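The values are calculated or read from the model by the stated rules, or taken from the named source; none is laboratory data. The structure presented is a predicted model; accordingly, all values stated were derived computationally and were not measured. Note that we place each Cβ from the backbone using ideal geometry, even for glycine, and neighbour counts take in every protein chain shown. Quick note on the areas: whole protein, heavy atoms, side chains included, nothing else; ligands and nucleic acids left out. Shrake-Rupley method; radii C 1.70, N 1.55, O 1.52, S 1.80 Å.
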Amino acid sequence: MARLFERRLPPADSPAAVFATTTGAFLAAMVITAFLFLSYGASPFQAYFALFHEPFGTLRGFGYSLVRASPLALIALGTIVSWRSGFSYLGFEGCFVIGAAASGWLALLTLPGARIGAVPFFLFLPFAILIAFTAGGVWAGLVGIVRARLGGNEVLISLMSNYVAIFILQYLVSGPMRAPGSLPETRPLPRTTWLPFVLPGTRAHAGILIALAAAGLVWMLLQKMPLGYEMIVTGFNSSAARYAGIDVGRRLVLAAFFAGGLGGLAGMVEVLGAQHRLMDGISGGVGFVGIVVALLARLNPLAVIPTALLYGGMSVGADAMQRRASIPSSITFILQSLAVLLVLAFDALRYYRINFSFLRRKPPVIAEQVPK
């Protein structure tokens, strides 16, 4: 019997099919959001022009888009490593905070008269990356150990660990690391520890280069290395992985450590590249937004950077849209949320096709019976 949706054999897994469904989902989200613009008496074309022109049509706005995209991309990469390994980690907000605190503490030690003193940037940066990655990795790795050894629920534990990390940061910036007579924040970090600016005339810093390097390394790990293959097999079917001789528990812990390390790097990029001091509320929900970026990128490391740039650019353009078109910037969050939901919904088109002949099909004609 003909149906409106017919299953594809095999599924459409080509890059063109993935790109088409993702683009279609985003365009559909824009069409739906356009009706919200009309409710405010604004032109959707004017609103979308303001939304995308500021972050991608001006040098200054593009620089801010790169600043927003850098930590988002790193957290999205951590999400890809953990989720494709079967470790449903949601504690990147905590990893971000712990990584920022560790790198900020190291930077404060290089102040004049401090324990370490001034050091050249080329010596400071490797140690900052190492300490931020290790701190975030250990923070997430503890959850991985609980999951692997005790069978705990990593979703619940990682969510609760976010609050523990936030409280630790609040204690640090309100107590031992607080600047004298200041708000709950540290002293400004030494200029020699700042990430250098990479785009003249903007605030874009080298954090985007760190994110690009991390994307390449994650792609190599998952696609070219035996360890990445074992992690992916563990995520697909842990029972089959055990039967093949893979130490599933160890792979889960490693996935947690790598994912948390990338989250810690996101915190380092933010504190050394954008804020230049450690303060309460430094994350601003980046740890959760980065998960959304990973979903929009279809858990593909190579798609993370453009997706994070688009998502960060829309955050920058939201304020411009509010100024030029008199539309609340909160509508941008509706657009971003719709895009995620529709991307997940349109993914069904890779497994099912629409049978247009079903719509044109005429009902069968019942012939009249001629009485004998």
For the chain, the longest principal axis of the Cα atoms and the Cα long axis of helix 226-236 enclose an angle in degrees, to the nearest 10, of 50
Rounded to the nearest 10 degrees, the helix 59-84 long axis (Cα) sits at an angle to the longest Cα principal axis of the chain of 80
Summing -39500 (n - 2.57) over every DSSP H run of at least 4 in the chain, dividing by its residue total and rounding to the nearest 500, the 222 nm mean residue ellipticity is -22000 deg cm²/dmol
Per principal axis, largest first, the Cα atoms of region 76-122 extend in Å by 47, 21, 12
Short to long, in 10 Å steps from zero, the percent of alpha-carbon pairs of region 165-237 per bin is 16, 21, 24, 25, 13, 1
Region 117-167: spread of alpha-carbon positions along the three principal axes, whole Å, largest first, is 45, 24, 14
To the nearest Å², the heavy-atom accessible area per residue of the chain with 1.4 Å probe amounts to 51
Quick shape summary for region 9-49, equivalent ellipsoid via Cα gyration tensor, semi-axes whole Å in descending order, reads 32, 9, 4
In nanometres, the difference between 0.36 nm per residue of separation and the alpha-carbon distance of residue 353 and residue 6 is 124.4 nm
Cα-Cα pairs in the chain separated by more than 31 Å, as a whole percent of all pairs, come to 44
Per the Kirkwood formula over distinct C-alpha pairs, the hydrodynamic radius of region 268-341 in angstrom is 13.7
Across 5 Å bins beginning at 0, the whole-percent shares of Cα-Cα pair distances in region 154-275 come to 2, 9, 12, 15, 14, 15, 12, 9, 6, 4, 2, 0, 0
Helix 304-325: inclination vs the chain longest Cα principal axis, degrees, rounded to 10, gives 90
Each label sits 7 Å from Cα toward the beta-carbon; between residue 330 and residue 167 the label points are separated, in nm, by 3.0
D (µm²/s, integer) via Stokes-Einstein for region 34-170, Kirkwood Rh across alpha-carbon pairs, 10 °C, 1.306 mPa s: value 87
re region 127-212: pairs of Cα atoms spaced beyond 16 Å account for a percent value of 71
Extension length gain for residue 153 and residue 114 (0.36 nm per residue less Cα distance), in nm, is 9.8 nm
Here the Cα Rg-to-2.2 N^0.38 Å ratio for region 216-298 is 1.36
For region 188-275 the mean separation of alpha carbon contacts under 8 Å (6+ apart) over residue count, i.e. relative contact order in percent, is 31
Of every hundred units of 1.4 Å-probe accessible area on the chain, the number belonging to carbon and sulfur atoms, as a percent, is 67
FRET efficiency (residue 203, residue 23; Cβ distance; R0 25 Å; to 0.05) is 0.25
